[in-house]
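For reference, the structure is listed below as structure tokens.
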Amino acid sequence: MSLHMPRLILAGLSGGSGKTILTLGLCRHFAQNGFVVKPFKKGPDYIDASWMALAANRSASNLDPFLMDASLIRSLFADASQGADMAVIEGNRGLFDGKDIEGSCSTAELAKTLRAPVILVVDCTKMTRTTAALVQGCHDFDPEVFLAGVVLNRTAGQRHRRIARESVERYTDVPVLGTLPKLRENPIPERHMGLVSDQEYEADGPLEELGRTIADWVDVERIRDIASSTPELPVDTGVLWPEAVTRETVRIGVVRDAALWFYYQENIKALEHAGAEIVHISLLDDADWPELHGLYLGGGFPETLAPRLSAQEGIRQRVGDLARSGLPIYAECGGLMYLCQELAYEGTVYPMAGLFPVRAEMGRKPQGHGYTKARVVLPNPYHPQGAEIPGHEFHYSQCHTLRGETPPLAFFMERGCGIQEGFDGFVFQNTLACYTHLHALSSPHWAPNFVSAALAYKTSLHG
């Protein structure tokens, strides 16, 4: 089948070029003016995606050429874009930067996969005429990438803007779609893993301001016309989502609070398609939980809320008791840290759920950062032995065994760091806790297996 969906990709010469600011501003501006905007983030970033969702008032999806082949990317794009007027896709790093010298998995490759025009954001700090050389170089580097326009960012004044703009217009055929001034301060603060999360910062005011700023300085109507001029996209008609494994009510709790909230929307959707009823719960208060048949603890920033997590002794005990009762629990990164005995942060050690005799200790530098490939070497409810799991990791913590032997580890890391010595994935009964983040569509067995394990647990409770 073919899909006609207005779309565009916002790319930069490097990380930090200002493409996120432009993306958020465009999403908010178009949403304010009555357009249904579907936001996408290229790569494994959870935080940018959450801000894009807020800006567009619609959930954001990640498109990742490392985790998905071209056919799957197009299928997910078509599925997630349903009901939208246009799709806005933010790239990552530099336009042509990928995992190798060929640029595999780059934003440029994604643009070709989606037949999407690219708008390039160029940081013009202390630069005028050279801007034209950079733009022309990007234009010529890969003729299959349609460079539809450029936005000049961090311009210092009227003269700076004029010379940079006229240089690009004289020496290239790439239209200048706007010039953004230097902002006195970043409207959205940053920290060690990127933007501060929307969970911790009042978001609506800064997004409203960004929408107005972008409309004042950028030709938003021309950008919309560029998006609307895209060709039809061929899409395979294969099955994207798993079939339900049961008609019974199988309830999986998903922790979603200010401590743990890193989830691909597709992971939750895959669990629902496989038959799960999703219930959102929190580790930060002592509210009662319904009867759960599975528990999913995503990533996040448990270290910044370690005092509050530690203070909820009843919740910590509850999670440990459920794990020891055989409840299927799947934990990623921050969720892994919560299941450890201790979390050490800024000189203080905080008790956690205590399922594993391990201390998760925060460092000052990343201990694992990038794409991963794990091979399953131990039995577990979620992944068949021998399966290869593509994923990614980004963690500042290390796990140190406090007593006895290190808990069994389910994954051999063919690429990436994992927990220790090239392995990842602590296993305890039906609990698997790892630094690796997976995507349900690139590991299609995961959601049905999780729901099947949850169904077996429910059966053990009620017969």
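Proximity of backbone amide H atoms, modeled 1.01 Å from N, is registered between H392 and T372, H437 at under 5 Å, excluding neighbours fewer than 5 places apart on the same chain.
Taking θ as phi - 60° and the Karplus parameters 6.51, -1.76 and 1.60, the scalar couplings of region 333-338 work out to 6, x, x, 4, 4, 5 Hz in sequence order, x denoting glycine and proline. For the chain, adding -39500 (n - 2.57) for each run of n ≥ 4 DSSP H residues and dividing by the number of residues yields -9500 deg cm²/dmol at 222 nm.
Just how large is the dipole of the chain about the Cα centre, in debye to the nearest 20, putting +1 at every Lys and Arg Cβ and -1 at every Asp and Glu Cβ?
On the way: 42 positive and 55 negative charges, 176 e Å.
The calculated dipole for the chain is roughly 840 debye.
Expressed to the nearest 5 percent, the antiparallel share of DSSP beta bridges inside the chain is 45 percent.
Shape summary of the chain, radius of gyration then Dmax from alpha carbon positions: 23.0, 77 Å. Restricting the trypsin sites (Lys or Arg not before Pro) of region 228-263 to loop positions (DSSP other than H, G, I, E, B) with no more than 12 neighbouring Cβ atoms within 10 Å leaves R247.
Which one, L233, A453, T172, projects farthest toward the positive side of the charge dipole computed for the chain from Cβ point charges (K/R +1, D/E -1)? The one lying farthest along the dipole's positive direction is T172.
Once you order the gyration tensor axes a ≥ b ≥ c over the Cα atoms, which shape class does region 123-162 get: rounded for a/c under 1.5, otherwise prolate or oblate by comparing a/b with b/c? Prolate shape, in that a/c is at least 1.5 and a/b is the bigger ratio.
Considering only G334, L409, T304, and ranking their Cα positions along the charge dipole of region 250-462 that arises from unit charges at the beta-carbon of Lys, Arg, Asp and Glu, the one farthest toward the positive end is L409. Sorted ascending by nearby beta carbons within 10 Å, beginning with the fewest, H383, H369 become H369, H383.
Sorted from fewest to most neighbouring beta carbons within 10 Å, what does the list T406, T237, T23, T213 look like? Mind showing how you got there, number by number?
Details: T406 16, T237 8, T23 28, T213 19.
By the 10 Å Cβ count, ascending: T237, T406, T213, T23.
What is the sum of charges, Lys and Arg at +1 and Asp and Glu at -1, for the other residues whose Cβ falls under 12 Å from the Cβ of Y435? Here the count lands on -3. In terms of surrounding Cβ atoms within a 10 Å radius of their Cβ, L327, L284 rank from fewest to most as L284, L327. A cut-off of 5 Å between modelled amide H atoms, ignoring neighbours fewer than 5 places along the same chain, links D236 with S75. Cross-link reach is defined here as a Cα-Cα straight distance under 26 Å, omitting same-chain residues fewer than 8 places apart; for K269 the lysines meeting it are K38, K41, K42, K373, K458.
Here the relative contact order of region 1-156, from alpha carbon pairs under 8 Å that lie six or more residues apart, stands at 29 percent. Within region 402-463, the GluC sites (Glu not before Pro) that combine a DSSP coil assignment with at most 11 other C-beta atoms in a 10 angstrom radius are E405, E421. For the chain, averaging the sequence separation of C-alpha pairs within contact (under 8 Å, six or more residues apart) and dividing by the residue count gives a relative contact order of 13 percent.
Every number in this text was worked out from the coordinates using simple rules, so none of it is lab data. Please read all numbers here as calculations on a predicted model, not as lab measurements. Every residue, glycine as well, gets a Cβ built from its backbone with ideal geometry; the counts of neighbours run over all protein chains shown.
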